[in-house]
Amino acid sequence: MNDTPQTPYQILGEDGIRQLCDAFYDIMDTLPEAAGVRAMHAADLSPMKDRLADYLTGWMGGPPRYADKYGTVCMTTPHEHYHIGPDERDQWLLCMHRALEQIQASDELVEMLTVPLFRIADAVRNREGPSSAANNPDIIAAG
Ligand code: HEM
């Protein structure tokens, strides 16, 4: 029997995912480089912390909380009214990587999440522009 954690959900647990989402939106709220993406959101980020935690719980291999509450895991529709190009995507990812640092995620976990996070953030992108994937052979090779 292999007791090594296999999924980000198993590594972080419910509390860790909640801490990550709290840190993510607190960083978005204060980081000057994320001002553009912050301005797209409502003044109160608390409901977003709950929704992202629900979403990431399922996405990271745990129970499908977002799907159970909202009936879908599609992220295209909730984002379609926002202009999300490479800059917005990269600001979002910057907040997520700073949040992972803040909760002291292990190198192993960060490595496990880096490419999937890029992929989901790039899938939410709905405007064209230069993709950093085009300049990053590691991301292409991982496909
Ligand atoms: C790529 C850049 C992204 C931008 C600029 C962005 C921006 C936004 C904005 C403006 C909202 C609405 C917030 C509000 O109502 O105040 C939203 C909702 C949401 N976003 Fe993102 N987002 C991005 C990527 C992502 C990704 C990659 C995920 C998941 C891993 C995600 C998860 C969510 C969730 C769960 C909601 C709530 C949807 C709902 O239930 O209505 N977002 N996002």
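Looking at Pro32, is it more than 9 Å from the ligand (Cβ to nearest atom), closer than 17 Å to Arg18 by Cα and surrounded by fewer than 13 Cβ atoms within 10 Å (Cβ to Cβ)? Steps first, answer last, please.
Details: more than 9 Å from the ligand (Cβ to nearest atom): yes; closer than 17 Å to Arg18 by Cα: no; surrounded by fewer than 13 Cβ atoms within 10 Å (Cβ to Cβ): yes.
Here the answer is no, as Pro32 does not meet what is asked.
Would you mind finding the one in Asp26, Asp44 that is buried (at least 16 other Cβ atoms within 10 Å of the Cβ) and out of contact with any Phe, Trp or Tyr (no Cβ under 8 Å at 6 or more places or on another chain)?
Result of the check over Asp26, Asp44: Asp26.
Hey, any hits in the range 75-93 for a residue that's within 16 Å of Leu20 (Cβ to Cβ) and part of a helix (DSSP H, G or I)?
Looking only at the range 75-93, we keep the residues that are within 16 Å of Leu20 (Cβ to Cβ), and these are 92-93.
Now drop any that are not part of a helix (DSSP H, G or I), which leaves 92-93.
Looking through the range 75-93, at least one residue is within 16 Å of Leu20 (Cβ to Cβ) and part of a helix (DSSP H, G or I).
In the range 94-128, which residues are small (Gly, Ala, Ser), within 15 Å of Phe24 (Cβ to Cβ) and not in a loop (DSSP other than H, G, I, E, B)?
Listed by number, the residues that qualify are Ala99, Ala121.
Restricting attention to the range 2-9, does a residue exist that is part of a helix (DSSP H, G or I) and closer than 22 Å to Val110 by Cα?
yes
Can you find a residue in the range 45-67 that is in a loop (DSSP other than H, G, I, E, B) and among the hydrophobic types (A, V, I, L, M, F, W, C)?
Checked the range 45-67: at least one residue is in a loop (DSSP other than H, G, I, E, B) and among the hydrophobic types (A, V, I, L, M, F, W, C).
Among residues belonging to the range 4-25 that are under 21 Å from Pro78 (Cβ atoms) and not aromatic (Phe, Trp, Tyr), point out the one that is nearest to the ligand (Cβ to nearest atom).
Cys21
Of the residues that sit in the range 46-89 and are among the β-branched types (Val, Ile, Thr) and more than 8 Å from the ligand (Cβ to nearest atom), which one is nearest to the chain's Cα centre (by Cα)?
The extreme case among them is Thr57.
Would you confirm, using the coordinates I've provided, whether Tyr82 is under 22 Å from Ile27 (Cα atoms) and surrounded by fewer than 16 Cβ atoms within 10 Å (Cβ to Cβ)? Break it down stepwise before answering.
Numbers: under 22 Å from Ile27 (Cα atoms): yes; surrounded by fewer than 16 Cβ atoms within 10 Å (Cβ to Cβ): yes.
Yes.
Going by what's in this entry, would Ala105 be described as within 15 Å of the ligand (Cβ to nearest atom), modelled with pLDDT of 95 or more and crowded, with 16+ Cβ neighbours inside 10 Å?
Taking the combined requirement at face value, the residue does not satisfy it.
The values are calculated or read from the model by the stated rules, or taken from the named source; none is laboratory data. Please read all numbers here as calculations on a predicted model, not as lab measurements. Because the Cβ atoms are built from the backbone with ideal geometry, glycine has one as well, and the counts that use them run over all protein chains shown.
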